[in-house]
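Below is one structure; the comments refer to it alone.
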Amino acid sequence: MPPRQDLTREQVLAELNERRATELDEELRALVESLMIHQEELRQQQAATEAAQRELEVSRDRYAALFDLAPVAYLCLDASGCLQDVNLTGARLLGAEREQLRGRPFRLHVVPGDRDRFAEHVARCRREERARTELALQLRGREVPVELTSRSFATPLDGPIFYTALVDLTERKRSEEERYRAEQERQRVLRESEASRAANEAKDRFLAVLSHELRTPLTPILFGLATIELQPGLPDSLRATLDMMRRNVELEARLIDDLLDVTRIARGKLRLERTTLDLHAVLGEVAEAFRSELEADGKDLVLELDAQRRHVSADPARLHQIFRNLVGNAIRFSPRGGSISVCTRDRDGGRVGASISDSGPGLPAEHRERLFQPFEQAVDDPRHAGLGLGLAISKALVEQHGGRIEAGDAQAGGARFDVELPCVEPPSGDAVAESAAGSPAQRAPAATARARTVLLVEDHCDTAEALAMSLRLRGYEVWVANGVAQALDAPLDAVDVLVSDLRLADGTGFDVIAALRARRPIPGVAMSGYGSESDRRRTRDAGFDAHLVKPVSIAALIAAIETATTS
């Protein structure tokens with residue numbers, strides 16, 4: 001090509017046109033490429049939009065199905081409280097087709113008394129995002145309690161929409177009513193239980209006070225009899241009369257004990273304080289206790305104690321009570337000149353059996369089923385009438401000791417009572433001697449080693465006088481106080497032992513021993529008409545060494561004094 005300066009005008013124009021065409025082709029190609037890229041992006045966006053639309057449609061169908069098929073009734077309410085939509089559960093609950101319900105005011109389904117509450121619910125939905133209200137609907141002729149829970153959503157065309165869950169409260173209300181009735185019943189039972197407990201406590205207090213009041217006059221009688229017996233030159237006929245009087249006083253005391261024991265057994269308040277006992281020794285003591293009564297009636301009591309294993313774990317007082325009841329019944333039902341037999345035998349299973357037989361009229365078969373029930377009589381004979389408590393108490397005591405008792409016929413035609421108790425290994429050494437000798441209250445009082453000074457606190461004048469006289473005749477020096485105040489004024493340094501009633505006019509025996517022991521240690525013997533296990537426990541906790549239940553015999557009192565002062 002010739003130099004640029006040599007080109008003609010036509011050549012220059014042709015070159016310029018050629019260059020311009022080349023540049024336009026490049027720009028066009030770049031534009032086409034850009035358009036193709038944009039077209040591909042649009043295609044991808046369209047595909048994504050279609051996929052999103054399909055997902056939205058699937059979600060719409062899913063949530064529409066959930067809305068329609070949900071087990072809870074769902075409503076859509078507009079700002080005026082009209083139904084925009086309702087699911088199938090809601091339609092079934094309202095009792096109409098969905099098309100019939102759309103556009104209908106929901107308040108028409110609300111019972112008239114709750115329509116103001118529904119209007120307030122709608123107003124609260126307009127003000128707040130959420131609202132919850134309980135009201136009743138009139139559905140198929142009955143009122144149904146429901147709970148409305150609404151949430152407000154704003155729409156650009158229709159204004160606020162209230163999506164509302166409607167929950168049937170019938171079962172919940174029924175459950176609440178049942179719980180309320182159950183709570184009311186529980187409260188009623190608690191009130192009745194409390195009233196029953198208060199009544200039982202009142203009965204216990206009454207029986208305890210009655211026991212105290214009945215026992216208290218018996219103590220001076222027993223001590224008066226004991227004092228008379230010490231008089232020199234007492235005729236035998238008068239001594240027999242004194243024995244008769246003593247037996248009847250003791251019988252009276254046992255009747256009081258029986259009445260209280262029946263109450264304790266019925267309420268499960270009877271407690272045992274067990275120790276190892278020789279059953280043969282216990283039976284011998286029971287027989288000895290009835291010796292004077294047997295002699296007076298001309299009756300014989302035969303002991304055939306043949307058991308090799310004879311030791312039992314028992315409460316000493318209660319074991320005596322069992323056999324005292326049985327032997328006493330046998331004596332009572334045997335004719336004058338009759339005989340009573342007490343036998344022991346080894347039984348299978350490591351048990352010992354004791355049989356008490358009499359020569360009386362025997363036991364009618366028709367009475368045996370109810371024989372051990374309280375207030376039942378062994379025979380319908382007014383000559384042998386009693387309270388009918390001894391056998392019921394004996395049965396309860398035997399069973400509480402792990403044994404059993406049965407009634408049958410004796411070989412001689414009278415009645416027989418068989419008692420079985422589980423055996424234990426015998427104690428050794430001193431324990432054997434103690435068991436054979438019985439409890440301190442059952443042993444005869446030993447002569448005092450030296451004269452002891454007794455502080456006697458008793459506000460019952462006759463009892464105080466009889467006690468003081470009996471103790472003085474047996475070598476004791478006695479200071480008498482009629483209450484707490486006088487007891488605290490006594491010359492304490494000269495006192496060896498305190499003997500105190502627990503119920504005093506100006507306080508209690510607990511006050512006395514507490515005040516005296518604050519000065520120096522002093523042994524104490526409590527006397528009371530109250531003899532429950534809780535009474536005895538409280539006495540021990542207060543510091544008394546012994547608890548004697550009125551009426552108190554002189555032998556038991558002296559034994560308690562000597563034990564307290566020598567231990």
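The values are calculated or read from the model by the stated rules, or taken from the named source; none is laboratory data. What you see is a predicted model; the values in this text were computed from it and never measured. Cβ placement follows ideal geometry from the backbone for every residue including glycine, while neighbour counts extend to all protein chains displayed.
Can you list the strands (runs of 3 or more DSSP E) found entirely within region 284-378 that contain at least 2 residues being charged (D, E, K, R) and in the same structural domain as Q411 (by TED's automatic domain parsing)? I'd like the intermediate steps shown before the answer.
Numbers: elements: 300-305, 311-314, 339-347, 351-358.
Ranges flagged: 300-305, 339-347, 351-358.
Among the listed residues T155, T133, identify the single one that is loosely packed, with under 14 Cβ neighbours inside 10 Å and of a type in the set (S, T, N, Q).
Working: T133 fails: loosely packed, with under 14 Cβ neighbours inside 10 Å.
Being loosely packed, with under 14 Cβ neighbours inside 10 Å and of a type in the set (S, T, N, Q) holds for just one of T155, T133, which is T155.
Each row is one residue, and each column tells you yes or no for (1) buried (at least 17 other Cβ atoms within 10 Å of the Cβ); (2) modelled with pLDDT of 90 or more.
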site	(1), (2)
R452	yes, no
D496	yes, yes
D511	yes, yes
R517	no, no
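Looking at the structure I just gave you, is S150 assigned to a helix (DSSP H, G or I) and either in contact (Cβ under 8 Å) with a residue 60 or more places away in the chain or farther than 30 Å from D462 by Cβ (or both)? First the steps, then the outcome.
Details: assigned to a helix (DSSP H, G or I): no; either in contact (Cβ under 8 Å) with a residue 60 or more places away in the chain or farther than 30 Å from D462 by Cβ (or both): yes.
Here the answer is no, as S150 does not meet what is asked.
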Checklist entry - If a residue has to be in a helix (DSSP H, G or I) and closer than 18 Å to R503 by Cα to count, how many in region 200-246 make the cut? => result 15
Next on the checklist: Residues that are of a type outside the set (V, I, T), modelled with pLDDT under 80, in a loop (DSSP other than H, G, I, E, B) and touching a strand residue (DSSP E or B) at 6+ places or on another chain (Cβ under 8 Å): does region 270-277 have at least one?
Outcome noted: yes
Checklist entry - Do we find a residue being in a strand (DSSP E or B) and either modelled with pLDDT of 90 or more or within 33 Å of the chain's Cα centre (by Cα) (or both) anywhere in region 529-536? => result no
Item to check | Condition broken by S196, with the remaining ones in (1) in contact (Cβ under 8 Å) with a residue 60 or more places away in the chain; (2) of a type in the set (S, T, N, Q); (3) farther than 30 Å from D418 by Cα satisfied | outcome: (1)
Checklist entry - So which of R503, R472, R537, R517 ends up being basic (K, R) and touching a His at 6+ places or on another chain (Cβ under 7 Å)? => result R503
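Sort through R247, R215, R151, R254 and tell me the only one that's touching an Asp or Glu at 6+ places or on another chain (Cβ under 7 Å) and modelled with pLDDT under 80.
Numbers: R215 fails: touching an Asp or Glu at 6+ places or on another chain (Cβ under 7 Å); R151 fails: modelled with pLDDT under 80; R254 fails: touching an Asp or Glu at 6+ places or on another chain (Cβ under 7 Å).
One residue alone meets the criteria, R247.
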Checklist entry - Based on what the data block shows, is C125 touching a Pro at 6+ places or on another chain (Cβ under 8 Å) and either modelled with pLDDT under 85 or hydrophobic (A, V, I, L, M, F, W, C) (or both)? => result yes
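Considering only residues that are not in a helix (DSSP H, G or I) and not hydroxyl-bearing (S, T, Y), which ones fall in region 507-526? Before you say what the answer is, go through the steps one by one.
The initial filter retains those residues of region 507-526 that are not in a helix (DSSP H, G or I), namely 507-508, 520-526.
Correct list: G507, R520, P521, I522, P523, G524, V525, A526.
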